[in-house]
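Engineer: Take this structure first; my questions come after.
The values are calculated or read from the model by the stated rules, or taken from the named source; none is laboratory data. None of these values were measured; they are calculated from a predicted model. Backbone-built Cβ (ideal geometry, glycine too); neighbour counts: all protein chains shown.
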Amino acid sequence: MKANRFRLADVKQLQAHIEIATTGQGLYEMTRQIAPFVDQSAIRTGQITVYCRHTSASLTIQENADPDVQIDLAGFFARLVPEGMDWLRHTSEGPDDMPAHIKAALTDVSLTIPIADGAMALGTWQGIYLFEHRHRPHRRRVVLHAVGE
């Protein structure tokens, strides 16, 4: 194994945000919106953190070759955390709100992806997704932070 070493003085950082417009529950791939930020950072070796600033949406890395994967994943979470659980107390924002918070708690709001040779080191079939858990459309804000040399 070859390890890359660099001095603290060589470390660069760049931060930005992107907005993802959702039309309701489901997975929204955003890999293509993140890649230009990594290019702009000019970081060859490092990492990017992707952070969702919401409590009823989340992030995941999933297969991006077969759309059935996203359909099945959304269906699984709908069955795992159904709407209409009469014991929930937080219901003032609608029947999908508390289940959305639970789904977000079961997934991630932050992802860390290595940067190697100036690009995200994702697998061949991997994509970065915003996982919208609410029914109505939203504009979700995602923070990007790249660090490295």
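Engineer: Within the set of pairs 6+ apart or on separate chains, which have a first residue in the stretch 109-128 that is closer than 16 Å to His145 by Cβ, a second that is assigned to a loop (DSSP other than H, G, I, E, B), and C-beta atoms under 6 Å apart?
Structural biologist: Partner pairs satisfying both residue conditions: Pro114/Ala121; Ile115/Ile43; Ile128/Met30.
Engineer: Restricting attention to the stretch 117-149, report how many residues are out of contact with any helix residue (DSSP H, G or I) (no Cβ under 8 Å at 6 or more places or on another chain), among the hydrophobic types (A, V, I, L, M, F, W, C) and either surrounded by 16 or more Cβ atoms within 10 Å (Cβ to Cβ) or modelled with pLDDT under 95 (or both).
Structural biologist: Selection size over the stretch 117-149: 3.
Engineer: In addition: I'd like the full set of residues that are among the aromatic types (Phe, Trp, Tyr) and touching a Lys or Arg at 6+ places or on another chain (Cβ under 7 Å), limited to the stretch 37-87.
Structural biologist: Phe77
Engineer: From the list Thr45, Thr31, Thr55, exactly one residue is hydroxyl-bearing (Ser, Thr, Tyr) and more than 22 Å from Pro137 (Cβ to Cβ). Which is it?
Structural biologist: Thr45
Engineer: Scan the stretch 13-58 residue by residue and report those that are without any contact (Cβ under 8 Å) to a residue 60 or more places away in the chain and basic (Lys, Arg).
Structural biologist: Scanning the stretch 13-58 gives a single hit, Arg32.
Engineer: Are any residues in the stretch 43-97 among the polar types (S, T, N, Q) and under 18 Å from the mean Cα position of the chain (by Cα), and if so, which ones?
Structural biologist: Gln47, Thr49, Thr55, Ser56, Ser58, Thr60, Gln62, Asn64, Gln70
Engineer: Then there is this: Hey, can you tell me all the residues within the stretch 101-149 that are among the β-branched types (Val, Ile, Thr) and not in a strand (DSSP E or B)? Quick ask: steps written out before the conclusion?
Structural biologist: Filtering the stretch 101-149 down to residues among the β-branched types (Val, Ile, Thr) leaves 102, 107, 109, 112-113, 115, 124, 128, 142-143, 147.
Listed by number, the residues that qualify are Ile102, Thr107, Val109, Thr124.
Engineer: A follow-up question, please. I need a count of the residues in the stretch 90-140 that are more than 21 Å from Glu19 (Cα to Cα) and touching a strand residue (DSSP E or B) at 6+ places or on another chain (Cβ under 7 Å).
Structural biologist: Residues that pass the stated criteria total 6.
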